[in-house]
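Novice: Before anything else, here's the structure in question.
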Amino acid sequence: MKVTIEDGCIACGACESICDAVFTVDDVATVNEAEVSNNEDCVKEAAESCPVSVIKVEE
Ligand code: SF4
């Protein structure tokens, strides 16, 4: 699974709240790629919960 953050993150913190092993939010969200494979369920949940839909998940 490949996870990217497109431009437009508003740093709301939702993704980090849902899946903090993978997402870290400072000025914008960033992805810890090393943890994606261990956390696919919460990555998907975070992507669905992002209010501006900038988390892109490729299977
Ligand atoms: S949920 Fe979306 S808008 Fe909110 S911090 Fe994460 S990537 Fe940014």
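We did not get these values from a lab; they are worked out from the coordinates using the rules stated. Keep in mind the model is a prediction, meaning the values are calculated, not measured. Cβ: placed from backbone, ideal geometry, glycine included. Neighbour counts: every protein chain shown.
Novice: Per residue of the stretch 3-16, what does 6.51 cos²θ - 1.76 cosθ + 1.60 with θ = phi - 60° give for ³J(HN,Hα)? Whole Hz please, x for Gly and Pro, Karplus curve as stated.
Specialist: Once rounded to whole Hz, the list reads 10, 10, 10, 7, 4, x, 4, 9, 6, 6, x, 4, 4, 5.
Novice: Helix 40-49 sits at what angle to the longest principal axis of the chain, using alpha carbons and giving 0 to 90 degrees rounded to 10?
Specialist: The two axes meet at around 20 degrees.
Novice: A follow-up question, please. How large is the direction-averaged shadow of the alpha-carbon convex hull of the stretch 2-58, in nm²?
Specialist: Convex hull of Cα atoms, orientation-averaged projection: 3.2 nm².
Novice: According to a simple spin-label model (label point 7 Å from Cα along Cα-to-Cβ), what is the distance in nm between Asp7 and Ser37?
Specialist: Distance between label points: 3.3 nm.
Novice: Now, a different point. Count the net charge of all other residues whose Cβ sits under 13 Å from the Cβ of Gly13, scoring Lys and Arg as +1 and Asp and Glu as -1.
Specialist: With Lys, Arg at +1 and Asp, Glu at -1, the neighbours total -4.
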